[in-house]
1. May I ask which residue of A:Asn189, A:Thr222, A:Gln117 lies farthest towards the positive end of the charge dipole of chain A, with charges of +1 (Lys, Arg) and -1 (Asp, Glu) on Cβ and the Cα centre as origin?
2. Find how much the distance from A:Ile174 to A:Thr336 grows on full extension, using 0.36 nm per residue of separation minus their present alpha carbon separation; answer in nm with one decimal.
3. Can you list the lysines whose alpha carbon is less than 29 Å from that of A:Lys63, not counting same-chain residues fewer than 8 positions off?
4. Roughly speaking, what is the centre-to-centre gap between segment A:210-233 and segment A:309-331 when only Cα atoms are used, to the nearest Å?
5. Run the paramagnetic zone check for A:Leu26: 7 angstrom along Cα to Cβ, then residues of segment A:305-346 with backbone nitrogen under 14 Å.
6. Mind running the shape call on segment A:329-418? Use the C-alpha gyration tensor, a ≥ b ≥ c as the square roots of the eigenvalues: rounded below 1.5 for a/c, prolate if a/b tops b/c, oblate otherwise.
7. Taking the alpha-carbon distance from A:Lys374 and a cut-off under 17 Å, which lysines remain once sequence neighbours fewer than 8 residues away in the same chain are dropped?
8. Quick check for me: using +1 on Lys/Arg Cβ and -1 on Asp/Glu Cβ, what's the dipole size of segment A:25-146 about its Cα centre, in debye to the nearest 20?
Amino acid sequence: MLTTRPRGTNDILPGEVEKWQYLEELARQVCREYGYGEVRTPVFEHTELFARGVGETTDIVEKEMYTFTDRGDRSITLRPEGTAAAVRAYVENKLYAMPQPIKLFYIGPMFRYDRPQAGRYRQFHQFGVEVFGSDSPAVDAEVIAMAMDIYERIGLKDLELHINSVGCPDCRPILREKLQEHFRPHLANLCPNCQGRFERNPLRILDCKNEKCQNIGRHAPTTLDALCAACDSHFELVKSYLDAVGVQYIVDNRLVRGLDYYTRTAFEIMARDIGAQSSVGGGGRYNGLIEECGGPPTPGIGFALGLERILLTAERQGITFPVTRGPAVFIATVGTEVEKQAFTLLQQLRRQGIAAEKDYLGRSLKAQMKYAGKLDARLVIILGEEEVARGVAVVRDMQAGEQQEVPMGGMVDYIKAKS
RNA sequence: GUGGAUAUAGCUCAGUUGGUCAGAGCACCAGAUUGUGGCUCUGGGGGUCGUGGGUUCGAGUCCCAUUAUCCACCCCA
């Protein structure tokens, strides 16, 4: 155990971490353009926040949270998602008193106690945004378009955007009743899971993957059949805004997401070829959540993208990220006499903003050259006792395979000019 | 929480019906004119065969347990 990481977690090492940095920077850039400010909240919160915010009956709260009691006897939970904490921060810091809407983004680790499999980990990373304080369908469209924009800039292909409207507190009870009416005669034939959902949240029976449930639900009324006039027109406007900017979508009237807080717009983005866990992102509107969490009645909407799954999709699709290059300069030495000069030169170069490296294992010149090649250094400065005595050093261009003598006094300037 | 598969050098894997089976390729290190990389050649280091039991004269090779990984269910990112 001493040398194995906890189940479902990952080390991201040099070589891999550059992809993460690239992704994160891309997301931050898009946020700048769309006007979203970063919020950094704790990775743990009071358990109660998630129980109330995410929903007591969700799988996340019922069986997937990393919950523990701290030394002060408080129940603490490692955040399983980002929205609840963002809402808490909005309320606690009274951001509702600022000019609305408030547009935030976050990026960081989330924790869920699941059985790991392809694209699913116990510690995983999400990038997400939240907009508080506007119920405009244009905001729904902005948020969805932004997510799609990010995928597109990464270069992901063949993604499917599914959208739906799950109604509001006015129309959902009506749908709920209609659904129960439809499923009641077949109650005994539903899967055990859905039998429980019948009372708690009949909406969820609609997107159950169980074959029997799907058959029974085939002719059930869908979310869109019961929308009230306000929700219906909201949904129509969202679609028209998406149409206006050319965002392709599939209306999926069986899409019901697993978190209880969604109202009206719900959406999910799926990728092919990354296994069963095909969702690379999702989100929706949550007009009741902020009030539920103790804030003033405030509409909100957001999405979250799974970074591991994005990276997995990119890998499967053969998408390459900008590669990081090796050091501009490698300083090789011959003889112990020149070590100090090499070290001094190394630091001078670095202070000029030039990535420079040297050997620290006492390697032979041949081995140093080989090592420099492995590091993908562009130039190698060879400090030989003979040349140094004459005040010069050899600079070798590794790509061209050519080298020449350069006076030590002008070395930094020479390298600067070359790199 | 349920089911299936896998677990041999840093990596990818061979290892026949249990008896030189502890190997290969790559990687790493060193040499091939005692001051020069990328190709080639030669040599070298490195593994309690996931862990713990058991069967057997003898087990990577069979059995059980355990841990981990992978895949799927469930759920979601």
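1. The residue sitting most towards the positive pole is A:Gln117.
2. 49.8 nm
3. In chain and number order, the partners are A:Lys209, A:Lys212.
4. Taking the Cα centre of each part, segment A:210-233 and segment A:309-331 sit 44 Å apart.
5. Flagged as within label range: A:305-323.
6. Judged from the Cα gyration tensor, segment A:329-418 comes out rounded (a/c under 1.5).
7. Within the straight-line cut-off, A:Lys374 pairs with A:Lys358, A:Lys366.
8. The dipole magnitude comes to about 360 debye.
The values are calculated or read from the model by the stated rules, or taken from the named source; none is laboratory data. Predicted model only: the values in this text are computed from it and were never measured. Glycine also receives a Cβ, built like all others from the backbone with ideal geometry; neighbour counts cover every protein chain displayed. The accessibility values were calculated without ligands, DNA or RNA, using every heavy atom of the protein model including side chains. Shrake-Rupley method; radii C 1.70, N 1.55, O 1.52, S 1.80 Å.
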